[in-house]
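First up is the structure itself, then whatever we jot down about it.
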């Protein structure tokens, strides 16, 4: 079965072709440079750019896969959560293709897509059940994946997501957008214990997160100590975030009796987070799985994978009429 995936939830225009679970192509056009001057994503600009780039990204994905459009058996497109205009571009494209090809169309939850990122590489080495930490620019979730299609959210963020906190602190430190990779690089030259920033909610009961106060702590420190080396600030802030993510994740894994931990989302590409998780999970006897770096950030291969599994396992078999009525769900939850 050939599956076409389409992802346009935010500022990446992406298309991918899978043959069952094998990735034949995974093309991502990032708008990061376009939004850099604004310090963040401008929804209207993102939507218009998706319209311009989508035909080229689709053509490239099909060409790299060496698959003719008429060979596609199933289409999966992100339905939400995300920016409504951006979602509308990808979903409308998918509807037109599905109608013209007379193939099924599945509207995929972007968050569920992230859960499938490791599936494309690990396969049955990491089957459910497992605990997933989904950590990105817009979301920070702890999810008990009981089976594909059966999810229990154990904890979420009460304010800023971890990736959002990275971007906001990046502004304070004078680095560009997106700030996550730049803070990661700066932190490698800094002292993670130079500034003792708070670890919000780490010792509180439950599995929720909060990063707004940590961002504010960085702001106040900068006002009082403007001469602190930016590398030390980056390293100390990053260490606080990683401490909270790691501590909450291991606490949740122990609480539900999980032995497998999967970490996905854009922040899962952070080198310090990967190193700390690998060290602690090895020490405590947890199986740990990360996607490769290119599958951490938003991409269409994960969307295609989610569509394939839902369709192949009979979790979702929409009629053509249901497919045509699909609409974006910007606030869609897992």
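Worth pointing out:
- Relative contact order for segment 128-293, counting Cα pairs under 8 Å that sit 6 or more residues apart, in percent: 26 percent
- Summed over qualifying helices (DSSP H, 4 residues or more, each -39500 (n - 2.57)) and divided by its residue number, the chain shows a 222 nm mean residue ellipticity of -14000 deg cm²/dmol.
- 0 to 90° range, to nearest 10: angle between helix 212-224 axis and the chain longest Cα axis: 40 degrees
- Gyration tensor over the Cα atoms of segment 128-293: the corresponding equivalent ellipsoid has semi-axes (square roots of 5 times the eigenvalues, largest first) of 28, 15, 14 Å.
- Scattering curve values for segment 181-222, log₁₀ I(q)/I(0), Debye with Cα scatterers, q = 0.17 Å⁻¹: -0.61
- The chain - percent relative contact order, Cα under 8 Å, separation 6 or more: 25 percent
- Among 34, 83, 106: highest mean-square fluctuation, GNM of the chain, C-alpha pairs under 10 Å: 34
- Helix 162-173 and the long axis of the chain differ in direction by around 50°, with both axes built from C-alpha atoms.
- Across segment 96-179, the fraction of Cα-Cα pairs farther apart than 16 Å, rounded to a whole number, is 64%.
- Helix axis angle, 271-284 relative to the chain longest principal axis, alpha carbon, degrees: 80 degrees
- Computed over segment 97-173: relative contact order in percent, which uses C-alpha pairs under 8 Å that are six or more apart: 20 percent
- In the chain, one over the average inverse separation of all distinct C-alpha pairs is 20.3 Å, which is the Kirkwood hydrodynamic radius.
- Cα-based equivalent ellipsoid of segment 1-103: semi-axis lengths in Å, sorted from largest, via gyration tensor: 25, 14, 11
A short reminder: the numbers here are calculations on the coordinates, not readings from a lab. None of these values were measured; they are calculated from a predicted model.
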